[in-house]
Amino acid sequence: MVGVTKTRTDEIAKAVAVLRDGGLVALPTETVYGLGADAENPAAVARIFTAKGRPPDHPLIVHLAGAERLADWVAEVPETARLLAEHFWPGPLTLVLRRGRRVSPEATGGLETVAVRVPDHPVALALLSAFGGGIAAPSANRFGSVSPTTADHVRAELGDAVDFVLDGGPCDVGVESTIVDATGDVPSILRPGGVTREDLEAVLGYSLAVDATGRVPVPGRHPSHYAPRAHVVLVDPERVVPEAELAQESGRRVGVLLPTAYADTPVKAHAVTAVPESLIAYARELYAMLREFDRLECDLVVASLPAENGLGLAIANRLRRAAGPRPAH
Ligand code: TXA
Ligand code: MG
């Protein structure tokens, strides 16, 4: 055990050195892997956008070691934000607040707000504590594609574009954090994620709107995002098997995300994966399942949406995005 601990300490020290040097570190979080840079170093933050192929006006999340650091990074901490931070940090909740002077404008895409969160992962927290500052980190994937939930996914997708990869094992939650706009009196959910709407409402004591209007020009809200290479089509659960077989017969290489109720149904398709029964396991495995369809060179994935409560809201959101129209580039 001492050896393991020492290796980890060495790795954290190396990662801190890379960050201080303006480099990029891939770090595990409980949601997905992030591609991190010093949030106060504009040149380092700019490298994130290059590595991801992400448009520069799309804001990043600044990761902090603890809720007590929040006041350093935002202009003010409204009561609601304080309450949510207290209940859900460390954890898969991102708060959008009015930005403080410390965060580099490159990290916020020029917005007057900043997204902040404290991740619930021992390696991420050790890195953040040792580094001392904020780490700006989007998910460690190429822009628009599926987020990585293992260190191998990161290496496969970003290769040499990242200076150091901290391997913290597979991510526990598997979908990204819930983003809550907490700038106004009434918070709204900008992106469903690992903290459920029901959890938030229980703490707040009132119902929340899910702002799906896409008015804020930020990524993750483009119609196509979180998308595998294969084209994704969504159908009603009872149509998954027939639609998949029809497409397979017509010469497509079809991957099937089989709804739990049909888990024992034989399907004539290229690749078949039964959706895990629990939403927690489904969220954890969703991106790996989509990546596996790509690895098996499926050109079409047939799936259906889970009921949109609990983690089902985030899973359905990601599946809809994966099935959305692709940008023309
Ligand atoms: O779980 C997560 O949130 C992961 C891990 C690495 O922390 N990060 C992540 O980052 O998903 P990214 O960049 O892939 O998604 C961040 C989302 C984007 O959709 C971005 O538009 C939104 O956060 N965002 C960032 N700053 C914002 C702001 N000031 N106002 C509104 N949305 C913002
Ligand atoms: Mg992302």
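Data overview
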item: Any chance Leu64 is buried (at least 23 other Cβ atoms within 10 Å of the Cβ), more than 10 Å from ligand 1 (Cβ to nearest atom) and closer than 21 Å to Gly132 by Cα; result: yes
item: Options Ala136, Ala140, Ala130, Ala202: the member that is farther than 29 Å from His231 by Cβ, surrounded by 24 or more Cβ atoms within 10 Å (Cβ to Cβ) and of a type in the set (Gly, Ala, Ser); result: Ala136
item: Subset of the range 212-234 that is modelled with pLDDT of 65 or more and buried (at least 17 other Cβ atoms within 10 Å of the Cβ) - its residue that is farthest from ligand 2 (Cβ to nearest atom); result: Val233
item: Qualifying residue in the range 245-263 (condition: modelled with pLDDT of 95 or more, more than 16 Å from ligand 2 (Cβ to nearest atom), acidic (Asp, Glu) and farther than 30 Å from Thr108 by Cβ); result: yes
item: Failed item in (1) within 13 Å of ligand 2 (Cβ to nearest atom); (2) at pLDDT 95 or above, with Gly144 passing the rest; result: (2)
item: Of all residues in the range 174-199 being within 22 Å of Met289 (Cβ to Cβ) and away from ligand 1 (no atom under 11 Å from the Cβ), the one that is surrounded by the fewest Cβ atoms within 10 Å (Cβ to Cβ); result: Thr196
item: Helices (runs of 4 or more DSSP H) wholly inside the range 22-139 containing at least 2 residues that are within 16 Å of ligand 2 (Cβ to nearest atom) and in contact (Cβ under 8 Å) with a residue 40 or more places away in the chain; result: 42-52
item: Filter result for the condition that a residue is under 24 Å from Asp21 (Cα atoms) and out of contact with any strand residue (DSSP E or B) (no Cβ under 6 Å at 6 or more places or on another chain), over Phe143, Phe164, Phe131; result: Phe131
item: Unmet requirement for Asp152, which otherwise passes all of (1) within 13 Å of ligand 1 (Cβ to nearest atom); (2) outside any loop (DSSP other than H, G, I, E, B); result: (1)
item: Meets criteria (under 30 Å from Ala140 (Cβ atoms) and at pLDDT 95 or above) for Glu292; result: yes
item: Residues (away from ligand 2 (no atom under 13 Å from the Cβ) and touching a residue at least 12 places away in the same chain (Cβ under 8 Å)) located in the range 175-185; result: Thr178, Val180, Asp181, Ala182, Thr183, Asp185
item: Sole exception among (1) in a helix (DSSP H, G or I); (2) surrounded by fewer than 17 Cβ atoms within 10 Å (Cβ to Cβ); (3) of a type outside the set (Ser, Thr, Tyr) for Asn309, by number; result: (1)
item: Single residue of Thr29, Thr7 found to be more than 16 Å from Ser104 (Cβ to Cβ) and touching a His at 6+ places or on another chain (Cβ under 6 Å); result: Thr29
item: Arg101 vs. criteria under 25 Å from Pro187 (Cβ atoms), at pLDDT below 95, charged (D, E, K, R) and assigned by TED's automatic domain parsing to the domain that holds Arg8; result: yes
item: Test for Ser145: is it under 13 Å from the mean Cα position of the chain (by Cα), more than 9 Å from ligand 1 (Cβ to nearest atom), hydroxyl-bearing (Ser, Thr, Tyr) and closer than 21 Å to Gly324 by Cα; result: yes
item: Evaluation of Asp160 against (1) more than 11 Å from ligand 1 (Cβ to nearest atom); (2) in contact (Cβ under 8 Å) with a residue 40 or more places away in the chain; (3) farther than 22 Å from Pro59 by Cβ (one fails), failing number; result: (2)
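For every residue, the table says whether it meets (1) more than 19 Å from Pro187 (Cα to Cα); (2) exposed (fewer than 15 other Cβ atoms within 10 Å of the Cβ); (3) of a type in the set (A, V, I, L, M, F, W, C); (4) not assigned by TED's automatic domain parsing to the domain that holds Arg318.
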{"position": "Asp10", "(1), (2), (3), (4)": "yes, yes, no, yes"}
{"position": "Tyr33", "(1), (2), (3), (4)": "yes, no, no, yes"}
{"position": "Gly53", "(1), (2), (3), (4)": "yes, yes, no, yes"}
{"position": "Ala75", "(1), (2), (3), (4)": "no, yes, yes, yes"}
{"position": "His87", "(1), (2), (3), (4)": "no, no, no, yes"}
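The values are calculated or read from the model by the stated rules, or taken from the named source; none is laboratory data. What you see is a predicted model; the values in this text were computed from it and never measured. Note that we place each Cβ from the backbone using ideal geometry, even for glycine, and neighbour counts take in every protein chain shown.
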